[in-house]
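Colleague: I am attaching a structure below and will ask some questions about it afterwards.
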Amino acid sequence: MPPPPRNQFYQVLSDAIADLIEHGFDSQERLDEWLRRLETAARALLVPRSVLENALRDGLQRVFARSTTTANLLKVHRGISQYTIEMIKPKLRAELDRRILASASLIKLNRETAIQQTLQRFAGWATSIPIGGSDVVNRAEEKANIRRGIAGLTFIDRRVVIDQGHKLSSAISEIVSRDGGAIAGRWRHVMEGGDYQARPEHVARNNKVYLIRDSWAKQQGLVKPGPPGYADDITAPGEEVYCRCTMVYLYNLRDLAPEMLTNKGRDELARG
């Protein structure tokens, strides 16, 4: 029975390092042969793309199903009618398809980058070994350095799926807000925990209300921006890597602070 792919890759890497330590960089042919064997072993180490893309598609479809329930959309979009949501829902499927393609491309790029970085690290180290070999190489340290990109790739793949799920959910909300006629959005900071470090600027935005610049209320002169400004003056929720912040969208003048209404807007609200 052949060794597991991970053990096979590490064995090839160990053999390559041992060979270069013994002989040194004495020919391009020696280096090219080890680069070929390392690349083959590295590709065998990875989860098949078809399996990963199926998992990606399943994950994003779950996010889509959760994000597009009427109950969830009514929670995020304060003041929109259920009828409007049902009218918008068919448009959201295109965003799911777009995200699946983009995520698959990103994972493929990350994998190719990790493999090339591994080969580059090995080649950079190998070409530094003098002809005849070396007795001062720390094998464990060099192996750890060379395999670093490949070893962390599973984690990176998983984070891509998670991050793209956040971006999909945020994009869905943005589409509904645009088509539904939102006039502002209240930033909601979400602390992820673990290794994620909250961005101070995102924490500072928590609960602040940002006007949507081209909303019907702005076009009619009913609103004016408060100190936070407009939503397009800042990065959108989920736009930055691993951001889990959300925006709760507002559709009615009565949901805004008085200072965000113009005189015309206050008159309109009083008539309503």
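The values are calculated or read from the model by the stated rules, or taken from the named source; none is laboratory data. A quick note: this is a predicted structure, and the numbers were derived from the prediction, not measured. Note: ideal-geometry Cβ built from the backbone for every residue, glycine included; neighbour counts use all protein chains shown.
Colleague: Residue check: is Tyr249 in contact with a strand residue (DSSP E or B) (Cβ under 6 Å, 6 or more places away or on another chain), closer than 22 Å to Tyr83 by Cβ and either among the aromatic types (Phe, Trp, Tyr) or in the same structural domain as Ile162 (by TED's automatic domain parsing) (or both)? Give the derivation first.
Modeller: Details: in contact with a strand residue (DSSP E or B) (Cβ under 6 Å, 6 or more places away or on another chain): yes; closer than 22 Å to Tyr83 by Cβ: yes; either among the aromatic types (Phe, Trp, Tyr) or in the same structural domain as Ile162 (by TED's automatic domain parsing) (or both): yes.
Criteria met by Tyr249.
Colleague: Which ones in region 11-62 are at pLDDT 90 or above, polar (S, T, N, Q) and within 20 Å of Leu101 (Cβ to Cβ)?
Modeller: Gln61
Colleague: Just one of the numbered conditions (1) at pLDDT 90 or above; (2) under 30 Å from Ile183 (Cα atoms); (3) of a type outside the set (Ser, Thr, Tyr); (4) surrounded by fewer than 19 Cβ atoms within 10 Å (Cβ to Cβ) is not true of Leu96; which one?
Modeller: Only one criterion in (1) at pLDDT 90 or above; (2) under 30 Å from Ile183 (Cα atoms); (3) of a type outside the set (Ser, Thr, Tyr); (4) surrounded by fewer than 19 Cβ atoms within 10 Å (Cβ to Cβ) is unmet by Leu96, namely (4).
Colleague: Something else: Among (1) touching a residue at least 60 places away in the same chain (Cβ under 8 Å); (2) part of a helix (DSSP H, G or I); (3) surrounded by 14 or more Cβ atoms within 10 Å (Cβ to Cβ), there is one condition Arg30 misses while meeting the rest; what is its number?
Modeller: With (1) touching a residue at least 60 places away in the same chain (Cβ under 8 Å); (2) part of a helix (DSSP H, G or I); (3) surrounded by 14 or more Cβ atoms within 10 Å (Cβ to Cβ) applied to Arg30, the lone miss is (1).
Colleague: Follow-up. Just to verify a result, which residue in region 211-268, among those that are among the β-branched types (Val, Ile, Thr) and more than 30 Å from Leu106 (Cβ to Cβ), is nearest to the chain's Cα centre (by Cα)? Show your work before the answer.
Modeller: Of all residues in region 211-268, those among the β-branched types (Val, Ile, Thr) come to 212, 223, 234-235, 241, 246, 248, 262.
If we keep only those that are more than 30 Å from Leu106 (Cβ to Cβ) too, we end up with 223, 262.
On the way: Val223: 34, Thr262: 39 Å.
Ranking the qualifying residues of region 211-268, first place goes to Val223.
Colleague: Take the conditions outside the structural domain of Arg186 (by TED's automatic domain parsing) and surrounded by fewer than 16 Cβ atoms within 10 Å (Cβ to Cβ) and apply them to Thr118. Does it pass? It would help to see each step written out before you state the result.
Modeller: On the way: outside the structural domain of Arg186 (by TED's automatic domain parsing): yes; surrounded by fewer than 16 Cβ atoms within 10 Å (Cβ to Cβ): no.
Here the answer is no, as Thr118 does not meet what is asked.
Colleague: Right, something else. Just checking, does region 76-83 include any residue being at pLDDT below 90, over 26 Å from Gln120 (Cβ atoms), loosely packed, with under 12 Cβ neighbours inside 10 Å and not hydrophobic (A, V, I, L, M, F, W, C)? Lay out the reasoning, then the answer.
Modeller: Step one: list which residues in region 76-83 are at pLDDT below 90, which gives 78-79.
In the following step, the residues that additionally are over 26 Å from Gln120 (Cβ atoms) were identified as 78-79.
After this cut, where a residue has to be loosely packed, with under 12 Cβ neighbours inside 10 Å as well, the list is none.
So far as region 76-83 goes, no, none of its residues is at pLDDT below 90, over 26 Å from Gln120 (Cβ atoms), loosely packed, with under 12 Cβ neighbours inside 10 Å and not hydrophobic (A, V, I, L, M, F, W, C).
Colleague: (1) within 21 Å of the chain's Cα centre (by Cα); (2) buried (at least 21 other Cβ atoms within 10 Å of the Cβ): which one isn't true of Ala198, the others all being true?
Modeller: (2)
Colleague: Is it the case that Ile162 is more than 30 Å from Leu35 (Cβ to Cβ), surrounded by fewer than 19 Cβ atoms within 10 Å (Cβ to Cβ) and either touching a Gly at 6+ places or on another chain (Cβ under 9 Å) or among the aromatic types (Phe, Trp, Tyr) (or both)? Steps first, please.
Modeller: Numbers: more than 30 Å from Leu35 (Cβ to Cβ): yes; surrounded by fewer than 19 Cβ atoms within 10 Å (Cβ to Cβ): yes; either touching a Gly at 6+ places or on another chain (Cβ under 9 Å) or among the aromatic types (Phe, Trp, Tyr) (or both): yes.
Here the answer is yes, as Ile162 does meet what is asked.
Colleague: Identify all residues within region 210-263 that are surrounded by 15 or more Cβ atoms within 10 Å (Cβ to Cβ) and part of a helix (DSSP H, G or I); write none if there are none.
Modeller: Selection gives Ala217, Lys218, Ala231, Leu253, Asp255, Met260.
Colleague: Name the residues in region 196-250 that are of a type in the set (Ser, Thr, Tyr) and in contact (Cβ under 8 Å) with a residue 40 or more places away in the chain, would you? If you could, list the steps in order and put the result at the bottom.
Modeller: Applying the first criterion (of a type in the set (Ser, Thr, Tyr)) to region 196-250 yields 196, 210, 215, 230, 235, 242, 246, 249.
Result: Tyr196, Tyr242, Thr246, Tyr249.
Colleague: Okay, moving on. Exactly one of these conditions fails for Ile21: (1) closer than 28 Å to Thr154 by Cα; (2) in contact (Cβ under 8 Å) with a residue 40 or more places away in the chain; (3) part of a helix (DSSP H, G or I). Give me its number.
Modeller: All conditions are met except number (1).
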